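Asks: Attaching a single structure in structure tokens format; questions to follow.
The values are calculated or read from the model by the stated rules, or taken from the named source; none is laboratory data. Everything quoted here is computed from the prediction, not taken from an experiment. All Cβ positions, even for glycine, are placed from backbone atoms using ideal geometry, and neighbour counts span all protein chains on display. Quick note on the areas: whole protein, heavy atoms, side chains included, nothing else; ligands and nucleic acids left out. Shrake-Rupley method; radii C 1.70, N 1.55, O 1.52, S 1.80 Å.
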Amino acid sequence: MMRALRLAWRYVVHHRFKSLLMVLCIALTVSLPIALAILLASFNQQIVSRARATPLVVGAKGSALDLTMHAIYFRTKPPGTLVQGAGQPVGDLGTAIPVHARYTAQQVPVVGTTLDYFDFRKIGMASGPGLARLGDCVLGARAARRLGLKAGDSLLTDRENVWDIAGSTPLKMRVGGILAPTRSPDDDVVFVDLKTAWIIEGLGHGHEDLEDETDENLVSGREDGVVTARATVTNFIEVTDENAASFHFHGNFDEFPVTALIVLPRDDKGEALMLGRYQRDDAPAQMSKPIDEVQNLMQLVFRVQKFFNANAVLISVSTALLLVLVVLLSIRLRAGEMETMFKIGCARGTMASLIASELLIIFLLAAVCVVSVVLVTNWYADDLVRSLLG
Amino acid sequence: MIHAENLRFAYPRSEFELRIDDLLVEAGEKVAVVGPSGSGKTTLLNLISGISVPDEGRITVMDQPVGTLGDAARRRFRVSSIGAIFQRFELVDYLSVRDNILLPCWINRALPLDADVRQRASELAEQTGIGDKLHRRVTRLSQGEQQRVAICRALLTRPALILADEPTGNLDPVNKQIILDLLFQHCAENDLTLVAVTHDSNIVDGFDRIIDFAEFRAGSSL
């Protein structure tokens, strides 16, 4: 058998292109469905665990799935914005953590939230003091790596619309630190305080003190101690220790926008009561359970996977038939070689074992490819899925 | 060495029939079988080597009744006792010169494939003038060199009988003579019996005996 294997190896090496094609045909046919299954399992594990760890979300009425995906992954657009006061029905039945993720910094989502979020997700700092003052940001581990930033650097937000020169101006943020890696979507975003997010949105700003300003180009009027500024007043585009005190907001915080609220119910009863409150017709927003939405999504995904599996079976069968055809044609082409071997004393069984050895080598090489693909997929599945979801 | 009596052989669904009443080839003899295409020359070689079995009659080669041996026994006999050379060399294109020479050992577990055999392959290659091409692919050799590889392969197992089917049929005149000289030299040095089929009457001078199938008629003694 060893001699047949060595002869077969020489044949495979000599006809390396044909052999490679056969190896790739088999390897791709077998490994693709397996790799897909691994990715899907990772996707399922990640999305379900993230959803399970997020008890309830509140958001604008519309697609509950869009709301869920936005609240837990920050990337997809929410069904709409809501005001922070939409969390009032939560009352003392739970804790509402705001999420405002409308803007980006160098294409990385900027998520405005409160410190409660970091406690809720159990995210610690890897370096830097964190969000020390208005205008600070902290970067997820992968986002920091991607942007090449460290604590003390600065990061400029992206302009929402480059053609709208009257729109919100980019804010130069100070990097207050880098978060410890969590292998979750939190690694891929930039976190800021909710008020900083509102400054980015243009709802808060800082400028020079106008109390004693007499320039009519800057001040249009004074009435009852209220100074009305003209548009010529220059807003600060960066929060510094010197100008931080000048930043202020006009309006009621409850009327300020957020894109979602993550709600942590006090207990099961509180959860049921809150769900009831948000199901009322006059409720200002919708509340959904991320795990329910994600499980519905996964049911659909698994149904699609069944279709792909059936497709993979058909492709496997057709590949197998093509391989049989290739082998039969190859044997036919080698009839002269077989005849010579027979004439010089080769048994028919030896010839069969020679061809079987060639196929064995092809299948072994394909198996090596399949195992490699599976190992690599397994190794990178989590990161790959996270980047796809992120 | 070879004795055939009352031999009859016909291919299925063919009108051709080979009939030999009496054929005797002595050990050490160099016999050329000549004749037109389709006269049964190659069929005779197949019967001698046990590739084909006669429908009737008896053929013994080196005292072995090859016509009545089983498939496996005939194959073992062919491997151990006969060296075959073909017109188109019939080399295996994916093997090197050395592995082609060693092919009988590669495909027969009964034959050793050890250092001694490899050494013999190298020696044969040296003797036939292709010693410096042992690791080349056979497809990169000239036709004359390829036939030398085939001769080395035929001689590897130290057979007592060489059957050559048109050994010079694909060669130019210069190579024809070189190959024949090599064959004759090896037969002389090792006391081998040579039966060569050819339709080229110009190469038969060095043979001890010529059997002309053109003059042969059924029922004749050869």
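Asks: Just the Cα atoms of chain A: what Rg and Dmax do they give in Å?
Replies: 31.2, 116
Asks: Looking at region B:3-74, which trypsin sites (Lys or Arg not before Pro) are in a loop (DSSP not H, G, I, E or B) and have at most 10 other Cβ atoms within 10 Å?
Replies: Numbers: sites: B:R8, B:R13, B:R19, B:K30, B:K41, B:R58, B:R74; in loops: B:R13.
Answer in residue order: B:R13.
Asks: Follow-up question, since we're still on this one. What is the distance in Å between the Cα centres of region B:140-166 and region A:1-60?
Replies: The distance from the Cα centre of region B:140-166 to that of region A:1-60 comes to 49 Å.
Asks: Now for a different question. List the lysines whose alpha-carbon lies under 27 Å from that of B:K176, not counting same-chain residues fewer than 8 positions away?
Replies: A:K343, B:K30, B:K41, B:K133
Asks: Using only alpha carbon pairs under 8 Å that are at least six residues apart, calculate the relative contact order of chain A and give it in whole percent.
Replies: Numbers: 613 pairs, mean separation 116.6, N = 390.
This gives 30 percent for chain A.
Asks: Can you send over the solvent-accessible area of A:T29, 1.4 Å probe, protein chains only, in Å² to the nearest 10?
Replies: Counting only protein heavy atoms, the figure is 20 Å².
Asks: Now for a separate question. Restricting things to Cα coordinates, could you compute the convex hull volume per residue of region A:1-93 in Å³?
Replies: Values: hull volume 13.5 nm³, N = 93.
Spelled out: Cα convex hull of region A:1-93, divided by residues, is 145 Å³.
Asks: What shape does region B:44-151 take by its C-alpha gyration tensor, where a ≥ b ≥ c are the square roots of the eigenvalues and a/c under 1.5 counts as rounded, a/b above b/c as prolate, and the rest as oblate? Working shown, then result.
Replies: Values: a/c = 2.65, a/b = 1.89, b/c = 1.40.
It comes out prolate by the Cα gyration axes.
Asks: Express the accessible area of region B:2-212 per residue in Å², computed with a 1.4 Å probe while the remaining protein chains stay in the model.
Replies: Details: 9090 Å² over 211 residues.
That works out to 43 Å² per residue.
Asks: Which residue, A:R334, A:R133, A:R121, has the most motion in a Gaussian network model of chain A that connects Cα atoms within less than 10 Å?
Replies: A:R334
Asks: What distance in nm separates the simple spin-label points at A:A335 and A:H207, each placed 7 Å from Cα in the Cβ direction?
Replies: 9.4 nm
Asks: Grab the DSSP H runs of chain A that are 4 residues or longer, score each as -39,500 (n - 2.57), total them, divide by all residues and round the 222 nm result to the nearest 500 deg cm²/dmol.
Replies: Working: 10 runs with 188 residues, N = 390.
Mean residue ellipticity at 222 nm (helix-derived): -16500 deg cm²/dmol.
Asks: Do me a favour and compute the ellipsoid semi-axes for region A:17-148 from its Cα gyration tensor, root of five times each eigenvalue, largest one first, whole Å. If you can, show how the numbers build up before the last one.
Replies: On the way: eigenvalues 290, 88, 40 Å².
After scaling each eigenvalue by five and taking roots: 38, 21, 14 Å.
Asks: How long are the three semi-axes of the equivalent ellipsoid of region B:2-212, in whole Å, if each is the root of 5 times an eigenvalue of the C-alpha gyration tensor, listed from largest down? Don't jump to the answer; show the numbers that get you there.
Replies: Values: eigenvalues 155, 80, 48 Å².
With the √(5λ) rule applied to region B:2-212, the semi-axes are 28, 20, 15 Å.
Asks: If you don't mind, another one. Restricting the count to DSSP beta bridges whose residues both fall in region B:71-222, what percent are antiparallel, rounded to a multiple of 5? Provide the component values of the computation, followed by the final result.
Replies: On the way: 1 of 10 bridges.
Once the DSSP bridges in region B:71-222 are tallied, antiparallel ones form about 10 percent.
Asks: Say a paramagnetic label sat at a point 7 Å from the Cα of A:V304, along Cα to Cβ; which residues of region A:371-390 have their backbone N under 20 Å from it?
Replies: A:381-390
Asks: Let me ask something else. Can you list residues whose amide H is under 5 Å from A:M125's amide H, if they're 5+ apart or on another chain and H is modeled 1.01 Å from N?
Replies: Excluding prolines and chain starts, which carry no amide H, the hits are A:A180.
Asks: Quick one: what are the phi-derived ³J(HN,Hα) couplings along region A:147-159, Karplus 6.51/-1.76/1.60 with θ = phi - 60°, whole Hz, x for glycine and proline?
Replies: In residue order, the calculated couplings are 8, x, 10, 9, 4, x, 6, 10, 9, 9, 6, 7, 6 Hz.
Asks: What is the antiparallel percent of DSSP beta bridges lying wholly in region A:97-191, to the nearest 5? Can you show the working numbers first?
Replies: Values: 11 of 17 bridges.
Antiparallel bridges make up about 65 percent of those DSSP assigns within region A:97-191.
Asks: List the relative contact order of region B:2-212 as a percent without decimals, with contacts defined as Cα pairs under 8 Å and 6+ residues apart.
Replies: Details: 368 pairs, mean separation 60.1, N = 211.
This gives 29 percent for region B:2-212.
Asks: Counting only residues 5 or more places away or on other chains, whose amide H sits under 5 Å from the amide H of A:L156 once H atoms are built in the peptide plane?
Replies: The list, which skips near neighbours in sequence, is A:M173.
Asks: Along Cα→Cβ, 7 Å out, is where each label goes; now give me the distance between the ones at A:R183 and B:R140 in nm to one decimal.
Replies: Result for the modelled spin labels: 5.2 nm.
Asks: Counting only complete DSSP H runs, which helices of chain B cover 24 Å or more along their long axis at the Cα atoms and score a mean Kyte-Doolittle of -1.0 or above?
Replies: B:173-190
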